[in-house]
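We did not get these values from a lab; they are worked out from the coordinates using the rules stated. Everything numeric in this text was worked out from a predicted model, so none of it was measured. Here the Cβ positions follow ideal geometry from the backbone for every residue, glycine too, while neighbour counts run over all protein chains shown.
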Amino acid sequence: MSLAYKIKNREEIKEIVKKSLQENYFDSVLGIFAEGTLTPHLGVTSKVPDIDRLMIFAPLMPVQASRVISNIKFTENNLKVLCILKPCEMRAVVELVKLKQIVPDNLFFISFDCPGVLEVTDYRSRINNGKNPVDESLASLNSFNDFSDNRYACSICDKLAPKLSDIRIRSFGVDNYLEPLTEKGKIFMQSIGLELAEVDFSVYDQKLKTILDKRAGKRALEREIFSKEVNQIDAFLKELDGCIRCHNCMVNCPMDYCKECVFRSPVFDHPSENYNIWLERKGEVRLPADMLIFHLTRLNHMSTSCVSCGMCESSCPTGIRLTRIFSFIGEETQKIFDYEPGRSWNEELPVATFREKELDKI
Amino acid sequence: MSEQKDFEPKIIGFLCNWCTYTGADLAGTARIQYPPNIRVIRMMCSGGVDMVYVMKALLEGADGVLIGGCHPGDCHYQSGNFKARRRVAILKKILQRLGFDDDRVWLRWISASEGKKFAATVTEMVDYLKKKGPNPLKSMAV
């Protein structure tokens with residue numbers, strides 16, 4: 001049994017958001033907004049009429065919201081912002097708070113049980129073919145089903161229910177609930193006049209488990225295929241085939257926030273005499289140089305915090321299957337420290353802490 | 001891999017200023033003999049060694065990388081060596097997983113008074129790498 005508020009329909013959430021703006025619980029709302037026939041985009045607004053265009057269950061993730069939130073220093077203008085996030089974005093927020101890139105004091109997080117999203121290109125081609133992916137997504141929610149043909153990262157995501165947001169929207173099925181997960185969430189819901197009642201979610205959780213199991217099964221299978229396919233240098237290079245080192249994966253990854261990143265600095269602008277050495281020693285030099293070390297460095301620097309959102313793959317212009325690489329290798333580096341990104345506010349980042357007695361065999 | 005004649009491994013050493021570097025100095029002033037295969041880069045702390053440079057050394061063809069720090073608990077900056085240990089653990093896991101030779105990266109605690117240990121470590125590493133053979137990445141176009 002847990003405390004929750006039953007909503008009449010999904011549209012009621014927008015009314016609640018509007019009311020919270022009108023009654024100054026929040027100064028603005030950050031979420032995905034629709035705009036006519038254009039691709040829905042992430043936006044922030046403080047105007048109540050804009051909320052009509054808010055798409056809480058948007059079947060696409062144009063950018064990782066956590067990355068945007070970390071770039072906007074909401075604390076500097078003291079805006080109280082209601083953020084509507086997907087569970088993977090919420091996990092990334094947790095990591096970025098730990099990394100001191102987000103100050104959560106004035107932020108309020110609503111997240112929902114996520115059926116998965118489409119790649120933006122896929123979303124647009126469906127629209128162009130006269131389909132309505134938004135309705136398709138809602139239909140799968142209504143029938144308590146996974147959103148079929150969702151992104152690769154979503155299809156292997158077994159963490160589709162938010163754990164640390166202030167409010168969790170139990171969005172599957174026809175009866176939807178708002179469930180406060182924190183004291184802050186509970187106080188907000190009560191003060192805005194939403195009556196909380198004890199609700200038994202055992203049937204809901206059981207049904208959700210079917211989706212989770214399906215995805216976990218696919219994840220295990222994919223992990224096995226990946227570990228068989230990619231375990232040698234040659235295979236890894238083949239996997240990275242087509243990389244033009246555009247850094248899109250880094251730019252869109254919520255964990256690659258460093259302004260002083262070596263790959264944003266001249267460290268890898270080599271003097272021309274270096275090329276003489278390479279030409280002699282290595283034969284052909286692949287250009288732009290340092291493609292392999294770029295990916296290896298990302299693995300070293302961020303894989304312990306990889307939330308498996310798949311934005312690296314979504315933003316890759318040459319379609320490299322980066323989710324597999326980062327999600328599965330990340331899982332292994334996280335396992336060394338028994339760490340799971342976005343699982344808890346209290347778990348320390350593996351790279352920011354240590355134990356005196358550990359890792360004896362290194 | 002078979003031992004190759006005339007193969008002299010090249011080792012890049014990232015040594016902490018307060019312990020291992022001073023230990024290497026001691027090995028020199030005490031005239032302890034050790035093979036001249038190591039090229040030393042003085043770091044202020046083993047915790048300041050970014051793994052990107054360790055990997056760069058390997059991809060450029062260094063046969064081994066030695067990271068030397070203070071003994072646990074002795075770090076001049078309290079916890080740098082502990083953090084280095086975690087980073088090396090992550091690096092080794094990734095190298096291992098992708099089929100690189102993770103045993104070419106050594107992390108050792110050598111204090112300022114352990115000149116002998118420094119010489120012994122370098123000797124041991126050179127012997128090990130001679131048996132292992134040259135780094136295949138040296139001639140690979142990566």
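What are the semi-axes of the equivalent ellipsoid of region A:5-96, taken as the square roots of 5 times the eigenvalues of the Cα gyration tensor, listed largest first and rounded to whole Å?
Equivalent ellipsoid semi-axes, largest first: 20, 17, 14 Å.
Treat the count of other C-beta atoms within 10 Å as a stand-in for reagent exposure and order A:Glu229, A:Glu313 from fewest to most.
With the fewest neighbours first, A:Glu229, A:Glu313 line up as A:Glu229, A:Glu313.
Taking a ≥ b ≥ c as the square roots of the eigenvalues of the Cα gyration tensor of chain B, is the shape rounded (a/c under 1.5), prolate (a/b larger than b/c) or oblate?
Note, shape of chain B comes out oblate.
With a sphere of radius 11 Å drawn around the Cβ of A:Glu340, what net charge do the other residues whose Cβ falls strictly inside it have (Lys, Arg +1; Asp, Glu -1)?
Around A:Glu340, the surrounding residues sum to +1.
If every alpha-carbon in region A:94-180 counts as one equal scatterer, what log10 I(q)/I(0) does Debye give at q = 0.19 1/Å?
-0.96
What is the mean number of Cβ atoms from other protein chains located within 10 Å of the Cβ atom of each residue in peptide B:133-141, rounded to a whole number?
For peptide B:133-141, the averaged partner shielding equals 3.
Take peptides B:98-105, A:342-349 and line them up by average Cβ neighbours within 10 Å, highest first, as a rough protection proxy.
B:98-105, A:342-349
Helix A:202-229 against the longest principal axis of chain A: what's the angle in degrees, Cα atoms only, rounded to the nearest 10?
Taking the Cα atoms of chain A, the angle to A:202-229 is about 10 degrees.
In debye, nearest 20: dipole of the protein assembly as shown around its Cα centre with unit charges on the Cβ of K, R (+) and D, E (-)?
That gives a dipole near 700 debye.
Within 9 Å, Cβ to Cβ, of A:Leu164, how many net charges do the neighbouring residues add up to if Lys/Arg are +1 and Asp/Glu are -1?
+2
Using the 2.2 N^0.38 Å rule of thumb for compact globular proteins, work out how region A:235-317 stacks up: its C-alpha Rg over that value, please.
Relative to the rule-of-thumb radius for its length, region A:235-317 sits at 1.19.
Write down the Kirkwood hydrodynamic radius of chain A, to one decimal in angstroms, obtained as one divided by the mean of 1/r over all alpha carbon pairs.
22.0 Å
Can you give the net charge of the other residues whose Cβ lies under 10 Å from the Cβ of A:Lys80, counting K and R as +1 and D and E as -1?
-2
So how tilted is helix A:133-142 from the main axis of chain A? Cα-based, degrees 0 to 90, rounded to 10.
With rounding to tens, the tilt is 60 degrees.
In peptide A:292-301, how many Cβ atoms from other protein chains are near each Cβ within 10 Å, on average?
If you average over the peptide's residues, the count of other-chain Cβ atoms is 6.
Average projected area of the Cα convex hull of region A:163-300, in nm²?
So the mean shadow area of the Cα hull is 13.8 nm².
For a 18 Å ceiling on Cα separation, which of these pairs sit above it: A:Lys47/A:Lys163; B:Lys56/B:Lys131; A:Lys86/A:Lys159?
A:Lys47/A:Lys163; B:Lys56/B:Lys131
Shielding by partners for A:256-262, please: the mean number of other protein chain Cβ atoms within 10 Å of each residue's Cβ.
Mean shielding by partner chains, rounded to a whole number: 1.
What residue among A:Arg286, A:Arg245, A:Arg321 has the largest mean-square fluctuation in a Gaussian network model of chain A, using Cα springs under 10 Å?
Result: A:Arg286 has the largest fluctuation of those listed.
Read phi for every residue in region A:328-345 and hand back ³J(HN,Hα) as whole Hz from Karplus 6.51 cos²θ - 1.76 cosθ + 1.60, θ = phi - 60°, with x for Gly and Pro.
7, 6, x, 4, 6, 5, 5, 5, 3, 10, 6, 10, 10, x, x, 7, 8, 6
Under the rule of -39500 (n - 2.57) per DSSP H run of 4 or more residues, summed and divided by the residues of the protein assembly as shown, what mean residue ellipticity at 222 nm is obtained, to the nearest 500 deg cm²/dmol?
It comes out at -11500 deg cm²/dmol, rounded to the nearest 500.
Between helix A:291-302 and chain A, what is the angle of the helix's C-alpha long axis to the longest principal axis, kept within 0 to 90° and rounded to the nearest 10?
Between the helix axis and the principal axis of chain A, the angle is about 40 degrees.
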